[in-house]
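As structure tokens, the structure follows; a few thoughts come after it.
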């Protein structure tokens, strides 16, 4: 996810997609979603590999604007100034370059107009009517251009179609430190694709059946859709129809639970949803991406454009290459890309995602593979996002609507008591996300004690009396259990109040422990 030469959030004031190689006052920082002035030395941070230490990049200078101003709620490139304003923003050298280019274009246009006028209003050498010599010459010259169209019943163009989905165009991995999210090992119960590459094993390709170009290696003839008009191999196969039919029927269609990520109404959070999805021939990753395109069921925001089509998906060496027919989200909106990465990296055989449009590599801040980002990060202390120095604590809160629970990752100093740190962070509340989520544990609740049974892997947590006054009892207990069972190897939670079972105050329904819950099932 990290580029090697400059900060991915660096761009011009008028166009985020453009930057200069040297420091300039026209540069802006888009780390919060909107362009802001750069208060740091651009040469030391923005235009060098040292950008990962920039206080803007690490979040130490952003305050709590993430909750009040959605960073990516609308594409930052939607507003464009006029031509005069754009030219005025350029340096004299750049204005000279553009002026020279416009002059050359004007000269070329004038030459074409002059030649066209001569051909129309010249001496009329091409105007005389039909002459035997002229028609003969025309017929003699025609075979160079026309027989190619007439003589080829199967035009040569189909050979160019498969280039839209180059299955082998997987760039060399560019490992970065983006995979900083410790709970990535938690979704091991979500089935990962058994397919590793579409080219290596015809029966385990990850390309959707609607685009049979590189994936349909089990079918002899159709690398493209055009040759279906002349199915030579299909005609020979009619003598043995049972041999081709089993390769096309999804005999292994199953229904599997997949975790998908969509946006909330505030535009600041990624919300996980578990959906039962039909998976054909074990193509789990392709099914997950297609469900992201289909969008959420209700009251959430889709992050991929519904007109997007998945052309192919391959998995090789931990990298999933996802090929779309167009840019999958609005220009400048990175949430769609992050939703795909968060969804696919839940599978143990995918650590990063290479995006493609029509077979050409694209990415975030470059064109290389993208690693898993930190999900809904909360970093009030400005800690370095590194697993060697910081803890990534999973905290769950319900959205303001109360329909979905969302996970917020709180960065905390490194500790050996992760469960205790998680509970203290949950009691502290959602911080800068308070405008988007609810804090359902009563204020003033204190953590009296916390311990784990090493044999049963059940955590017992003891709160002060204030916890018993919770008005939304179900959400309060659910968020505690969700947060603790997200930690590795935790199988359940037992809740006490002042050392006594919670059932003594809330009834028998709260006497037994709580197991690992399903997050936001549809």
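The values are calculated or read from the model by the stated rules, or taken from the named source; none is laboratory data. Quantities reported herein were computed from a predicted structural model and do not represent experimental measurements. Counting neighbours? That spans all protein chains shown, and the Cβs are built from the backbone with ideal geometry, glycine included.
Here is how the numbers come out for the structure above:
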{"read-out": "All positions within the range 27-38 that are at pLDDT 85 or above and either in the same structural domain as residue 339 (by TED's automatic domain parsing) or part of a loop (DSSP other than H, G, I, E, B) (or both)", "value": "30, 35, 37, 38"}
{"read-out": "Test: residue in the range 440-458 that is in contact with a strand residue (DSSP E or B) (Cβ under 9 Å, 6 or more places away or on another chain) and within 17 Å of residue 407 (Cα to Cα)", "value": "yes"}
{"read-out": "Candidate set: the range 365-390, residues that are buried (at least 21 other Cβ atoms within 10 Å of the Cβ) and part of a loop (DSSP other than H, G, I, E, B); chosen: the one farthest from the chain's Cα centre (by Cα)", "value": "379"}
{"read-out": "Residues that are at positive phi and free of Cβ contacts under 8 Å to residues at least 40 places away in the same chain, drawn from the range 405-453", "value": "429, 444"}
{"read-out": "Qualifying residues in the range 70-93 (those that are farther than 18 Å from residue 33 by Cα and touching a helix residue (DSSP H, G or I) at 6+ places or on another chain (Cβ under 9 Å)) - the one modelled with the lowest pLDDT", "value": "81"}
{"read-out": "Residue under evaluation residue 474, criteria (1) closer than 27 Å to residue 276 by Cβ; (2) crowded, with 19+ Cβ neighbours inside 10 Å, criterion not met", "value": "(2)"}
{"read-out": "Residue match in the range 488-500 (condition: assigned by TED's automatic domain parsing to the domain that holds residue 439 and modelled with pLDDT under 95)", "value": "yes"}
